[in-house]
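Reviewing the structure listed below.
The values are calculated or read from the model by the stated rules, or taken from the named source; none is laboratory data. From a predicted model like this one, the values you see are computed outputs, not experimental measurements. Methodologically, a virtual Cβ is constructed for each residue, glycine included, from the backbone with ideal geometry; neighbour enumeration extends over all protein chains shown.
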Amino acid sequence: MRSFIKMHLFLVGFLLLAGCTTRANWYHPEKGPSPTNNLGLELDLTDHEASRYARYRVEPDGVITFWGGQDAVFDRVTWRGTITEEEGRSIDRIVRDRDWFETPPAGDRVGDETWIIMLVEPGNRRGFTVLGHDMGVDELWSILQAASSRRFVDVIDALPKPSIESLNGGTTTPAAEDEGQ
């Protein structure tokens, strides 16, 4: 049974890999300003040991799409939003300062994490796989996770706000009762 599960997970990973290596038909360069300097990217994380699956796509116009967990496995979008100008500049800096189009990271091969990354810009495309950790990939992951965490803002804002009444349970004890005790 365990080998069946591992085979199934391998096939899922292979399908994710195959999906990432297809032509990036989602990429459309911006004619005006772009928060990513006209860079588009797709990042897929597969970690079978920890059962972690995620996909991020950042388009040159700042749209970010996130697939997480089962949604990543079954290709269902979990959330779509936009990155900030600062996030866009950081993503561009990571890719260009480390020259990922020419020399992509390979990873330290520690752990079970497999990162499949596709970079696209006008006239240039680069796909590569990173096994384990790489400082630049970890930094990129952190930016993408922070951006996609904004999907919780409405939920958090809808929660009741703490107040003195809610902390006291909404009751007060009259002063006369306190003196008699």
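Some notes on this structure:
- Taken as a whole, the condition of being touching a residue at least 40 places away in the same chain (Cβ under 8 Å) and either hydrophobic (A, V, I, L, M, F, W, C) or in contact with a strand residue (DSSP E or B) (Cβ under 6 Å, 6 or more places away or on another chain) (or both) does not apply to Val77.
- Matching option when the condition is among the hydrophobic types (A, V, I, L, M, F, W, C), assigned to a strand (DSSP E or B) and either at pLDDT below 95 or surrounded by 15 or more Cβ atoms within 10 Å (Cβ to Cβ) (or both), among Ile116, Ile143: Ile116
- Complete set of residues in region 46-60 that are over 16 Å from Leu119 (Cβ atoms) and surrounded by 16 or more Cβ atoms within 10 Å (Cβ to Cβ): Thr46, His48, Tyr53, Ala54
- Residue satisfying condition, being assigned to a strand (DSSP E or B) and either within 23 Å of Ser149 (Cβ to Cβ) or not small (Gly, Ala, Ser) (or both), within set Arg109, Arg55, Arg96: Arg55
- The set of residues in region 73-113 being farther than 18 Å from Glu59 by Cα and buried (at least 17 other Cβ atoms within 10 Å of the Cβ) consists of Val73, Arg98, Pro104, Pro105, Gly107, Glu113.
- Residue match in region 27-40 (condition: touching a helix residue (DSSP H, G or I) at 6+ places or on another chain (Cβ under 7 Å), buried (at least 17 other Cβ atoms within 10 Å of the Cβ), among the small types (Gly, Ala, Ser) and part of a loop (DSSP other than H, G, I, E, B)): no
- Sole exception among (1) under 21 Å from the mean Cα position of the chain (by Cα); (2) loosely packed, with under 10 Cβ neighbours inside 10 Å; (3) modelled with pLDDT of 95 or more for Asp154, by number: (3)
- First in region 24-35 and farther than 10 Å from Asp61 by Cβ, second anywhere and hydrophobic (A, V, I, L, M, F, W, C), Cβ under 8 Å, 6 or more apart: Ala24/Met118; Ala24/Val120; Tyr27/Val120
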